[in-house]
Amino acid sequence: MGDKVLSLIDKKITSLLDIPLRPTVTSLSLHCNQIPRIEGLTSAWHLRHLDLSSNCISKIEGLSSLTSLRTLNLSCNLITKVEGLNGLVNLTRLNLSYNQINDLTGLLYLHGTEYKLKHLSLHSNHLDRIDHLLQCLLGLQGLREVTLSQDGRDNPVCRSPGYREIVMQSLPQISVLDGMDRLGNPSHQGLGSPCDIPGLEDYLDLLLSSDTSHNEAPRRDGPLTTPRLDEVMTQFRQRIASEAIADPAAQPDRQSLQPARSAVADPAEPVNEQRIRKLEDQVSQLIQQAPAGDKCSSSTRPVVTLRKAKRDTDRTSESECDSGKENRRRTRIPKHRNTITTRTTSKETIGRISDR
């Protein structure tokens with residue numbers, strides 16, 4: 001997947017025109033650069049994930065040709081108005097948090113059954129008219145989750161009397177508002193589809209297309225089943241749900257979540273089954289490496305004279321949890337080394353006594 005995923009995080013890039021972007025790229029991450037304008041993406045027809053968070057973008061534009069785009073992260077920029085989303089029929093997740101938005105008119109172009117927007121993040125903006133908010137969101141028929149307030153960063157509209165009740169009653173299609181479901185309980189619906197994880201959808205597409213091969217007869221024992229893939233996806237969701245409430249020091253080793261697998265293929269197993277098992281293993285490894293959630297490191301919000309600490313990067317960003325993983329690994333290494341050193345010293349001592 002080396003030619004499909006392009007990550008250029010914090011590279012001091014000042015223009016999208018300087019990016020060597022191939023038409024085959026499906027995931028592009030340019031988090032934390034100095035890009036002022038969206039341009040040069042007209043040939044990226046296969047792009048599914050685009051992360052332009054923590055840049056200096058002031059206008060949403062240049063996206064009309066990205067008909068395959070699924071996730072778009074424009075958080076931590078200088079945007080004041082939602083616009084330029086026309087034609088993004090496959091867009092399911094849109095993050096516009098930490099901007100200066102007070103106009104949602106551009107969302108009107110995503111109304112209708114042909115559009116698929118499900119998750120919308122707008123916290124830390126300047127929205128102050130609840131009637132305007134409801135008018136622009138009501139026609140988003142696929143919308144399931146809206147975030148206008150998170151981690152103490154909200155919009156002026158959130159402080160209106162009866163804000164939550166009004167929004168939930170006026171927008172019957174949504175099931176989660178500001179991280180809480182309709183019963184007021186914390187929701188983990190924000191995990192979204194596995195295809196929202198950059199790179200995973202390629203494995204799933206290949207897995208589903210591998211049921212038959214050119215040299216093998218079609219299966220006669222029913223439809224394709226992937227129990228081990230289903231198992232690891234269940235473990236993935238449970239891991240994220242538990243990490244959201246558990247102490248990080250008490251979290252289990254990620255390797256323990258990996259399903260058991262045979263090191264040697266069964267000779268009696270058909271070649272097609274072996275291929276499916278191998279793909280399931282690759283999907284398992286990719287899921288284990290996926291970010292646990294939005295509570296990892298945050299992105300830098302650009303301002304005219306100051307950059308704040310990194311915050312609020314979405315799943316479209318691939319840089320969030322790297323430092324955390326490295327720190328956990330380093331804390332374990334000294335323990336293993338001390339154990340090995342102690343055992344070696346004991347053996348040497350016993351040997352010397354025996355010689356004497």
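Every number in this text was worked out from the coordinates using simple rules, so none of it is lab data. Keep in mind the model is a prediction, meaning the values are calculated, not measured. Because the Cβ atoms are built from the backbone with ideal geometry, glycine has one as well, and the counts that use them run over all protein chains shown.
Whole-Hz ³J(HN,Hα) for each residue in the range 3-13, computed from phi via Karplus 6.51 cos²θ - 1.76 cosθ + 1.60 with θ = phi - 60°, x for glycine and proline: what do you get?
Taking θ as phi minus 60°, the curve returns 8, 10, 10, 10, 10, 10, 8, 6, 10, 6, 6 Hz for the range 3-13.
Please rank Asp181, Asp3, Asp154, fewest neighbouring Cβ atoms within 10 Å first, as an exposure proxy.
Details: Asp181 16, Asp3 9, Asp154 19.
Ordered from fewest to most neighbouring Cβ atoms within 10 Å, Asp181, Asp3, Asp154 come out as Asp3, Asp181, Asp154.
How big is D for the range 1-154, in µm² s⁻¹ as a whole number, if Stokes-Einstein is applied with the Kirkwood radius of its Cα pairs at 37 °C and 0.692 mPa s?
Values: Rh = 15.7 Å.
Here the translational diffusion coefficient equals 210 µm²/s.
Under 5 Å between amide H atoms, partner at least 5 residues away or on a different chain: which partners does Gln150 have, H built in plane at 1.01 Å?
Long-range HN contacts for Gln150: Ser124.
What residues have an amide H closer than 5 Å to that of Ser7, excluding those fewer than 5 places away on the same chain, when H is modeled at 1.01 Å from N in the peptide plane?
Those qualifying (amide H under 5 Å, at least 5 residues apart or on another chain) are Ser29.
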